[in-house]
Amino acid sequence: MADTVRVLFLDRDGTINEDIGSYVTSREQFRLIEGAAEAVALARSAGFRIVVVTNQAGVARGITTIEQVEDVNRYLNELLAAWGTSYDRCYYCPSHPDYPNPLYDRDTGCRKPEPGMVERAIADFLAEGLIVDRSRSFFIGDKIVDVECGLRAGLRPVLVRTGHNEERMCIERGIMPEHIADDLYRAVTGHILA
Ligand SMILES: [Mg+2]
């Protein structure tokens, strides 16, 4: 019989690492938000699988490359290793509807708020014999698209006030997370593990 797992789905830029106002294209531009690595370590120790889900349309726009995105994602895991932790999976969406690119059009449907990356992660867990318990899994991000993606995927959305902090937009549009925290550390310690 398959095991059931809880997953913490995490947006990357503005949630785990500082938003720099543009696409992070190199390791030098990637700086962890204070407490973020510790939050990942705490959640993983508590039994959560960690899945990073990030829109990287800079690829389709020609601002960054697949290789750069993947190198920065590897770097994140290297930084997490210093805290004795890691993410389990990482998914990025290179496409953008305004920048059609035959190389990436197959990825249509992955760009948040579409839940394509979450669904793929859940399918990949299932292929390993693990059933994701959506009702006990979370999606944490700094933008309304993260909240909407979490809602569409049947997860419990949490907004953080780091990065773009789209709290006001969420309220105006009535797309509400179940919790709003100052940052990832407080989301994990003050809500998810509380
Ligand atoms: Mg973000």
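The values are calculated or read from the model by the stated rules, or taken from the named source; none is laboratory data. Not measured: the values here are computed from a predicted model. Glycine also receives a Cβ, built like all others from the backbone with ideal geometry; neighbour counts cover every protein chain displayed.
Taking every residue in segment 1-20 that is of a type in the set (Ser, Thr, Tyr) and pairing it with any residue that is in a strand (DSSP E or B) and at pLDDT 95 or above, at least 6 positions away or on another chain, the pairs with Cβ-Cβ distances below 7 Å are THR4/ILE131; THR15/ILE140; THR15/GLY141; THR15/VAL160. Entry remark, segment 10-23: residues being of a type in the set (A, V, I, L, M, F, W, C) and either away from the ligand (no atom under 16 Å from the Cβ) or surrounded by fewer than 24 Cβ atoms within 10 Å (Cβ to Cβ) (or both) number 1 in total. Taking segment 183-194 as the range and being part of a loop (DSSP other than H, G, I, E, B) and touching a Ser or Thr at 6+ places or on another chain (Cβ under 8 Å) as the test, only ASP183 passes.
Can you tell me which residue among ARG134, ARG111, ARG120 is of a type in the set (Lys, Arg), touching a strand residue (DSSP E or B) at 6+ places or on another chain (Cβ under 7 Å) and more than 16 Å from the ligand (Cβ to nearest atom)? Even if it seems obvious, please write down each step before you answer.
Working: ARG134 fails: touching a strand residue (DSSP E or B) at 6+ places or on another chain (Cβ under 7 Å); ARG111 fails: more than 16 Å from the ligand (Cβ to nearest atom).
Within the list ARG134, ARG111, ARG120, the selection yields ARG120.
Can you tell me which residues in segment 142-164 are surrounded by fewer than 18 Cβ atoms within 10 Å (Cβ to Cβ) and either at negative phi or within 13 Å of the ligand (Cβ to nearest atom) (or both)? ARG152, ARG161 - these are the residues of segment 142-164 that are surrounded by fewer than 18 Cβ atoms within 10 Å (Cβ to Cβ) and either at negative phi or within 13 Å of the ligand (Cβ to nearest atom) (or both).
No other residue among ARG27, ARG44, ARG31 is at pLDDT 95 or above, more than 12 Å from the ligand (Cβ to nearest atom) and under 19 Å from ASP88 (Cβ atoms) apart from ARG44. Screening TRP83 with (1) more than 27 Å from ALA123 (Cβ to Cβ); (2) surrounded by 16 or more Cβ atoms within 10 Å (Cβ to Cβ); (3) at pLDDT below 95 gives one miss only, at (3). Every residue in segment 33-63 that is crowded, with 17+ Cβ neighbours inside 10 Å, more than 14 Å from the chain's Cα centre (by Cα) and over 22 Å from ALA194 (Cα atoms), please. Matches in segment 33-63: ALA57, GLY58, VAL59, ALA60.
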